[in-house]
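One structure is given here, and the rest of the page talks about it.
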Amino acid sequence: MHEHRYNKEQRLQQLSELRLALRDLIGVVSVLPSFAHLKSAYEAALADVENLQLHGFEQEHLSALSRAIPDAFHRHKEWIPPLERNAIGTPIEPEWFLTLESKLQPVLSKARVLRELGYY
């Protein structure tokens, strides 16, 4: 089996994708009062991304950045997303959660890739 290690150009592309995803996420948490406390962490991560793009990086910088990006939820084995009841009483995921999750998951996914050296 062949192993592929990420090269500098791929890492710069990953950082660019993370930068865009963080900007989208910051826009969402800014308007959700229950998650506004996370805005500063995501803004700090965005500043770190931009700094690494400008000044260069080593793998430990990418790994540290990846670990510094928090999830908005404490997900554990038995975690379920927040639910609300619709007009007929059926539990559904609320619109605010769907919006937040649609912006949060790309950030978490792109951050996770930064910890990986490559893939098989």
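In the full protein context, the chain carries 63 Å² of accessible surface per residue, based on a 1.4 Å probe and ignoring ligands, DNA and RNA.
So what's the net charge close to Pro81: Lys and Arg +1, Asp and Glu -1, counting the other residues with Cβ under 15 Å from its Cβ?
Values: positive: Arg75, Lys77, Arg85, Lys103; negative: Asp71, Glu78, Glu84, Glu93, Glu95, Glu101.
Once positives and negatives cancel, what remains is -2.
Partners of Lys39 within straight-line reach, counting lysines whose Cα lies under 25 Å from its Cα and excluding those fewer than 8 residues away in the same chain: Lys103, Lys110. Descending by average beta-carbon neighbour count within 10 Å, the peptides 85-92, 29-36, 13-20 line up as 13-20, 29-36, 85-92, the highest first.
The dipole here belongs to the chain: it is taken about the Cα centre, uses +1 on the Cβ of Lys and Arg and -1 on the Cβ of Asp and Glu, and is about 80 debye. Could you check how many percent of all C-alpha pairs in the chain are farther apart than 24 Å? The answer is 36 percent, as a whole percent. The Stokes-Einstein estimate for region 1-47, based on a Kirkwood radius over Cα pairs and taken at 10 °C with 1.306 mPa s viscosity, is a diffusion coefficient of 130 µm²/s.
Relative contact order (percent) for the chain, with alpha-carbon contacts under 8 angstrom and 6 or more residues of separation?
Values: 102 pairs, mean separation 49.1, N = 120.
Once normalised by length, the contact order is 41 percent.
Atom-type composition of the exposed protein surface of region 1-112 places 54 percent of the accessible area on carbon and sulfur (1.4 angstrom probe).
The values are calculated or read from the model by the stated rules, or taken from the named source; none is laboratory data. Here the structure is a predicted model, which is why all the values come from computation and not from measurement. Virtual Cβ from ideal backbone geometry, glycine too; neighbours counted across all protein chains shown. Accessible surface is based on the protein model in full, side chains and every heavy atom, while ligands, DNA and RNA are left aside. Shrake-Rupley method; radii C 1.70, N 1.55, O 1.52, S 1.80 Å.
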